[in-house]
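One structure is given below, encoded as structure tokens.
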Amino acid sequence: MKIVCLLGSPRPQGNSSTIARQFLREAAKHGARVQTFDLHQLDYGGCKACYVCKGPPGKCCVNDDLIPVLDAIYEADTLVISTPIYFDGFNYKVSAFLERTNSYFQVDEQTSAFNSRLAPGKKLVFIQVQGRPASARKDLSPQFNQYFDWLGFKDKYLIYACGVNRPGDIKTGDDILQLAEETARNICLRRPGGSF
Ligand SMILES: Cc1cc2nc3c(=O)[nH]c(=O)nc-3n(C[C@H](O)[C@H](O)[C@H](O)COP(=O)(O)O)c2cc1C
């Protein structure tokens, strides 16, 4: 099991990263190989809409720090995206990453359909945290569910925390960390399940 994890918070000790690390620790105990990218340490931007990726050599031609991330996801069995909610959406680093995944699509010459170059059946773990309480939950997974399907992700797991603001608001023993551990076990032990 190879896991690629994207940390989307600019705060290394932020709540979304805390959940992601708990997930990764548990996965590593079950033999997973883990590669983590701290998106805010990388210099990259969004899609340039050049469409070079639609022809050969079939990859994004924007030569920046995101290319190794996009390449690593080809090799991953599971992708973890952890992100804070900013202004009811993703922050700019996570949004720019998502735009660049457009490069995974190729055009079928016969049908003009867009097909994913990613091997089908990868798993996705989507970790989102927000400061406002559960009554104002802004889960972005319904909005992206179909897109992740098109990319070829099969099992999709959501871990969502509300009402957390300061680093450390999520503490050892919290239910959400237990959910992260349980999700890691379910994935590593290849138990069925996982749908937003
Ligand atoms: C610029 C900015 C915008 C934010 N917008 C929202 C928001 O729309 N809704 C919300 O519930 N929390 C919002 N928050 C609070 C963060 O989601 C919250 O602090 C979260 O814990 C940050 O994630 P992190 O701990 O992983 O860094 C915002 C925080 C910042 C800095």
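The values are calculated or read from the model by the stated rules, or taken from the named source; none is laboratory data. This one's a predicted model, so the numbers in the text were calculated from it and none came from an experiment. Accessible surface areas use protein heavy atoms only, side chains included; no ligands, DNA or RNA. Shrake-Rupley method; radii C 1.70, N 1.55, O 1.52, S 1.80 Å.
Annotations
- Kirkwood hydrodynamic radius of the stretch 1-143, from the reciprocal of the average inverse Cα-Cα distance over all distinct pairs: 16.2 Å.
- DSSP H segments from the chain that extend 15 Å or more along their own axis, Cα-based, with Kyte-Doolittle mean of -0.5 or above: 175-188
- The antiparallel fraction among DSSP beta bridges confined to the stretch 47-196 stands at about 20%.
- Averaging the sequence gap over all C-alpha pairs within less than 8 Å and six or more residues apart, then dividing by the number of residues, gives the stretch 77-149 a relative contact order of 42 percent.
- Of LYS29/LYS93; LYS59/LYS156; LYS138/LYS171; LYS48/LYS93; LYS48/LYS156; LYS2/LYS123, those spanning more than 20 Å from alpha-carbon to alpha-carbon: LYS29/LYS93; LYS59/LYS156; LYS138/LYS171; LYS48/LYS156
- Carbon plus sulfur fraction of accessible area for the chain, probe 1.4 Å, in percent: 50
- Solvent-accessible area of ARG132, all protein chains in place: 140 Å² (probe radius 1.4 Å, heavy atoms, ligands and nucleic acids excluded).
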